[in-house]
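Some notes on the structure that comes next.
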Amino acid sequence: MLSRSAEGLYWMGRYFERAEHLCRLLRWQVEILVDRPIREIYFGWSRIYMSLNRQPPGGRLELLGSDDYTLADAYTLAGDLTFENSDSIWSCFALGRENARQMRHCISAEMWTCLNLAYLRLRKSSIPEIWKTAPESFYAATASEINTFSGVAEATMYRDEGWHFLQLGRFIERAQCSTALLLSQLAIAKLRDVSFDADWTSLLRVCQAYDAYNRNYSVDVQPRRVLDLLVTDPSLHNSLCCSLEAAAAELDAIGPGPQEHSSAAARRMAGRMSALIQNDWPDRDDHEALLEQVRQSGWELHDLVIAAYVNYAIEDSPAR
């Protein structure tokens, strides 16, 4: 596969996974504006911005004791995260569609049609319009459209290297988003020197793992159990261990690239990250340090993938 095609499909998978992840975060965040304590609302906004490694408009979030200020801040923050910055839902969706437009020869006609319908709806939206009714329904609908696109891709896309690059982008992005979210949860809880059940319950709901937690541990929410479920449970489709194993499997399916040293290093890195979760997590108490190690390794894995399949030297490419 041409490096340009591999890169476009890889980034398409990453952008749509990032947009869907942010939709879930914002859906839960705007839902709790109705009846949750102000402390919990500000915890949610801080968690989102810390996981994105971004500063909110104005530079920082302040916990004020007024519902009016809280709602005004929520409107501004939601607008920033939905439309106005480079990591917003709109930016990720538009960039993902642009990659799909350039890769029309690699995706199915049904995928392009599904994507365009969602794009046209998003292009007509604005934060004042969304805020008039139920903003959570907008985020739920957008996440549903991205999931529909993934389902259409699953049903119609040819299983060549392009498919594996698309999936590789999704799983690497999912692992990085999950790690960043867990680290932000732990960091904010540490800063406040207290852990609230509501904060960990909201994390489970954002990660679509609340029912799975209840099935495994009952309704008693304990931070250690939440982390174990979200990191190590092989039956939870978006757990960290599942994402890392899936990324390693996609790299194996793609096989050696033009830069064989980098592609082999990428496969080893993915295997080490998966083994780190499976073997080290149960025996270590410094889970924050372990997750930070996984995050650093995730960045290295991305760099290795790009070096192996995209930005390799011409002289290292195979003879034609």
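Other residues within the sphere of radius under 10 Å centred on the Cβ of Trp163, judged by their own Cβ, net out at -3 (K and R +1, D and E -1).
Over the C-alpha trace of the chain, radius of gyration and Dmax come out as 20.1, 68 angstrom. Each stretch of four or more DSSP H residues adds -39500 (n - 2.57); spread over every residue of the chain, this sum gives -23500 deg cm²/dmol at 222 nm. Between Met1 and Gln222, the modelled labels are 4.4 nm apart [label points 7 Å from Cα along Cα→Cβ].
Given Cβ point charges of +1 (Lys, Arg) and -1 (Asp, Glu) and nothing else, what value in debye, to the nearest 20, does the dipole of segment 4-63 about its Cα centre take?
Here the size comes out at about 160 debye.
Scaling against 2.2 N^0.38 Å puts the C-alpha radius of gyration of segment 100-140 at 1.51. Can you tell me the accessible area per residue over the chain, all protein chains present, probe 1.4 angstrom, in square angstrom? That works out to 46 Å² per residue. Across the accessible surface of segment 178-308, with the other protein chains kept in place and a 1.4 Å probe, carbon and sulfur atoms take up 49 percent.
Kirkwood-type hydrodynamic radius, segment 115-249: 17.2 Å, calculated from all non-identical alpha-carbon pairs.
Around the amide H of Leu236, modelled in the peptide plane, lies no amide H under 5 Å away from a residue 5 or more places distant or on another chain. With θ taken as phi - 60° and the Karplus curve 6.51 cos²θ - 1.76 cosθ + 1.60 applied, the whole-hertz 3J(HN,Hα) list for segment 294-306 is 5, 5, 4, 5, x, 5, 5, 4, 4, 4, 5, 4, 5 Hz, x standing for glycine and proline.
Restricting the chymotrypsin sites (Phe, Trp or Tyr not before Pro) of segment 251-317 to loop positions (DSSP other than H, G, I, E, B) with no more than 16 neighbouring Cβ atoms within 10 Å leaves nothing. Label sites at Lys190 and Leu120, each approximated as a point 7 angstrom past Cα along Cα to Cβ, lie 4.9 nm apart.
Here the Karplus curve 6.51 cos²θ - 1.76 cosθ + 1.60, taken at θ = phi - 60°, turns the phi angles of segment 141-146 into couplings of 5, 5, 4, 5, 5, 5 Hz, with x standing for Gly and Pro. For segment 177-312, the normalised intensity computed at q = 0.10, 0.14 Å⁻¹ comes to -0.37, -0.67 (log10 of I(q)/I(0), Debye sum over alpha carbons, equal scatterers, no solvent).
Relative contact order for the chain: 24 percent, from Cα pairs under 8 Å spaced at least 6 residues apart, divided by residue count. Take every pair of alpha-carbon atoms less than 8 Å apart whose residues are at least six positions apart; their mean separation over the length of segment 170-310 yields a relative contact order of 29 percent. If R0 equals 30 Å, the separation of the Cβ atoms of Thr76 and Asp280 corresponds to a calculated FRET efficiency of about 0.15. For segment 1-142, with all protein chains in place and a probe radius of 1.4 Å, 51% of the accessible heavy-atom surface sits on carbon or sulfur. Subtracting the Cα-Cα distance of Asp211 and Arg104 from 0.36 nm times their residue separation leaves 34.7 nm of extension gain. The modelled label-to-label distance between Thr232 and Ile38, using points 7 Å beyond Cα along the C-beta direction, is 4.0 nm.
The values are calculated or read from the model by the stated rules, or taken from the named source; none is laboratory data. All values derive from a computational prediction rather than experimental measurement. Reconstructed Cβ throughout: ideal geometry from the backbone, glycine too, with neighbour counts over all protein chains shown. Quick note on the areas: whole protein, heavy atoms, side chains included, nothing else; ligands and nucleic acids left out. Shrake-Rupley method; radii C 1.70, N 1.55, O 1.52, S 1.80 Å.
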